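This report refers to the structure that appears directly beneath it.
Just so you know, all these numbers are worked out from the coordinates, no wet-lab data involved. Being a predicted model, the structure only gives us computed values, none of them experimental.
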Amino acid sequence: MNDADLREIFQETKVIAVIGFSANPNRPSHEVAAWLQSRGYRVIPVNPGLAGQMQLGELVYADLTAIPHEIAVDMVDIFRAPEAVPGIVEQVLTARAEVKTIWMQLGVVHDAAAEAARAAGKRVVMDRCPKIEMPRLGL
């Protein structure tokens, strides 16, 4: 994924579902979610253990399928172990057709799931963090 593609993702994205969101402000998923929210994105926290709670002013959902379809999710930001990625991609492909970008955080790589997502027309970013990439790109 080149810098022009990353800029396009950041400019077109409005709503981000953060998979593996943590209520602990010291955890990277919480920190990145709060930072993205401070940059003007709507962040939808996703964590089955926190479902039904309010975090960062948003209701937490158990998984992607639980997010109401009135909320059009543009990007899925994955803070989960690589072995969880295929199931998340499957949820995107079967239940969240509007998702344009699947973003896997630092240390999260799953080539087969990425290929399946790309074959379905999704943009895929692996092993990167938007909180690092946006400032690097001057955004």
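Here's the list of aspartates and glutamates a cross-link from K122 could span, going by alpha-carbon distance under 15 Å and ignoring same-chain residues fewer than 8 apart: D5, E8, E12, D74, D77, E90, E98, D111. Helical runs assigned H by DSSP (4 residues or longer) give the chain a calculated mean residue ellipticity at 222 nm of -10000 deg cm²/dmol, each run adding -39500 (n - 2.57) before division by the residue total.
Using a ≥ b ≥ c from the Cα gyration tensor of region 6-79 (square roots of the eigenvalues), is it rounded, prolate or oblate, where a/c under 1.5 gives rounded and otherwise the larger of a/b and b/c decides, a/b for prolate? Oblate, since a/c reaches 1.5 and b/c is not below a/b.
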